[in-house]
Amino acid sequence: MYVLPRQIQLMALYPLPSAIILNKLIISSTSSLHFTCRFSPKPLIPSLFSTTTAAATTSSSTLFQHHSYGPSLYKGHKKHQNTDNFDEENFTRVFDITALRVPSEHCFSLESKLRGHLLNWPRIRNIARVPGDDIDDELKEFIGNNNDAETLTALERRIYGKAEGDGEKMCSVLYRDKLARTFNSTGYVKFQNLAKLSRPKKSKKKREEEEGSGRQRKGLGRNEMALVEVVEEEGSGDEDLSGLLGDDFIRRRKWSGSTRLLLLDERYANKGIEELPEAIKAVLKEHNEESTRLSFEIVRCKLTLFYNYWQMNEVLEVLLPQGMIVPSAFETVGHIAHLNLRDEHLPHKKLIAKVVLDKNKPKIQTVANKIDAIHNDYRTMQLEVLAGNHSLVTTVVENGLYFDVDLATVYWNSRLATERQRLLSCFTHDDVVCDVFAGIGPIAISAAKKVKYVYANDLNPSAVEYLERNSVRNKLERKIEIFNMDGRRFIDSIFVSEKTRAITQVVMNLPNDAAEFLDSFRGIFGKRNKGRQFTLPRIHVYGFSKAQDPEFDFHEQIRIALSEVAFEVEMRKVRLVAPGKWMLCASFVLPETVAFSK
């Protein structure tokens, strides 16, 4: 049985401060433990230690999972436990914390001074409101001065519209008319009732919904991520704080004015005032000396984190079997999340899709998984809708242009947006572009916005239909001529035709087969009148390579297709498609010997 060293046992009993994070944990074959610490503002993530390679590693992983700093689904108290179905209530965790109750006007200055001793959890503010004690800022000056007759009269006039000696109260119409006449540049500062009378009443349905939601979870925000509830106010009893804040400190019997809760670090949970660090006591004493009205209370709270708080990888880590890789990346096409799940994930695909949908709403409305690789000539993917809306028709915005896409019938890859932008930067205003494999037009339509004219072609009739629709939608149909034919036939017809403008740029974005179409350029200008001037186009061709030297391999494919050796090719790696498989882009000017060969 593996026994952890004494240092690690002490670390488990006394968690590290929020700034210190355990970075590396390596257990060698001789059962010796080496670790390196570094400073980082991020909390320790339990998944960094989740492994099953060795029994020693598993035991240390479990230890740090339960004693790591920050919020975790492996910590806290569970409110519900339902293992039969996926229930969001199963992800509700309740944490016991301690908070300082302070006046609201001093909460921000105290927060900056106590920053290192506060909770500092992601997506959780260190300052929380106390339900029911908020008052209007303009009325704070009147609280506590009830013996002042003038102050009391002014207060009554603000609240009731009249004071003692003012005579009978006017009806609401006359009173509103009087306030409207005295309205000036200060707005409603002095006449709050005027704003309240002028505001339209809420509908009965909306009012009932607000009241109902307030009864269910009072204090929750719109996203319902977290809730802070006061359990016990330690200072509300007979506890005397004069020993902490000095003999001159006068404890108020009742809070007057708005207050806030400063959530203290989880290390101070269930600790009394005397058990807090000296740094906190010094700050409180300093503020007490600056203001005689300042009061503090130690408050026991419960911090409830709901399902909406936890991020996608945290939820999936709990739901999926131990040791399984958590899928965290997916491609976004409009409102569709395109997953590419591994075989081990398929038994849990519905569960994964629901979490992806929940954690990315409202941007994501459909979650689909790629069933098989692309084998057909139209480059369409076989997709299975796992969650959300079953329609695969969406709209994508790229380079300020709108593209309608139907992933069931056409091809689209959002990961090539950067490469498309780079390619467009190579074009000029005087260029005439020929896009041999245009698809729905991400390059052709974007180029039409910049260049003189575009010839676009695709073999897929559905892609051509969307290409025409997108060109009209972006008001560029006059600068694009669209064709629906095979790539070789299109190259031959577009360069032979005398009505065609002089093409300066050719794009061949079909990585799987584009290099095989290069032989269509052999003798392409030899078929035309020799007395006519010709412009040798610059060709941009894409391809895949699994060779150890992918640039050299793709260069050889181009040379073989053109039957030419002596010409310069500019090669560039686009992205790593799969382990050992690169997508490349080769740019070169069509050699004159190839263009006029017989």
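Of note:
- For segment 414-596, lysine pairs separated by 8 or more sequence positions, or belonging to different chains, with Cα-Cα distances below 12 Å total 6.
- Its Cα centre serving as origin, segment 312-391 has a Cβ charge dipole (Lys and Arg +1, Asp and Glu -1) of approximately 240 debye.
- Cβ charges +1 (Lys, Arg) and -1 (Asp, Glu), total dipole of segment 414-596, debye: 660 debye
- A DSSP coil position with no more than 15 other Cβ atoms inside 10 Å describes the following GluC sites (Glu not before Pro) in segment 532-598: Glu568.
- Built amide H within the under 5 Å cut-off of Phe483, gap 5+: Ala456, Asn457, Asp458
- Dipole magnitude of segment 391-510, debye to nearest 20 (Cβ charges: Lys/Arg +1, Asp/Glu -1, about Cα centre): 340 debye
- Whole-Hz ³J(HN,Hα) from phi, Karplus 6.51 cos²θ - 1.76 cosθ + 1.60, for segment 299-311, glycine and proline x: 10, 7, 10, 10, 9, 9, 9, 8, 4, 5, 6, 6, 7
- Probe 1.4 Å - accessible area at Thr500, Å² to nearest ten: 20 Å²
- Percent RCO, i.e. relative contact order, over segment 312-391, from Cα pairs under 8 Å lying at least 6 residues apart: 26 percent
- Rounded to whole Hz, the Karplus (6.51, -1.76, 1.60) HN-Hα couplings of segment 351-358, x for glycine and proline: 5, 4, 5, 5, 5, 4, 5, 5
- Between Thr259 and Ser104, Val130, the built amide H atoms are under 5 Å apart, and every one of these is 5 or more places off in sequence or on another chain.
- Loop sites in segment 317-357: trypsin sites (Lys or Arg not before Pro), DSSP, at most 10 other Cβ within 10 Å: Arg342
- The number of Lys pairs in segment 312-391 with C-alpha atoms less than 15 Å apart, excluding pairs fewer than 8 positions apart on the same chain, is 4.
- Percentage relative contact order, segment 414-596, counting C-alpha pairs under 8 Å, at least six apart: 18 percent
- Considering only Ala387, Gly323, Ile374, and ranking their Cα positions along the charge dipole of segment 312-391 that arises from unit charges at the beta-carbon of Lys, Arg, Asp and Glu, the one farthest toward the positive end is Ala387.
The values are calculated or read from the model by the stated rules, or taken from the named source; none is laboratory data. It should be emphasised that the depicted structure is a prediction, and the values quoted were computed from it without experimental measurement. Neighbour counts run over all protein chains shown; Cβ positions are idealised from the backbone, glycine included. Just the protein is used for accessible areas: all its heavy atoms, side chains included, with ligands, DNA and RNA removed. Shrake-Rupley method; radii C 1.70, N 1.55, O 1.52, S 1.80 Å.
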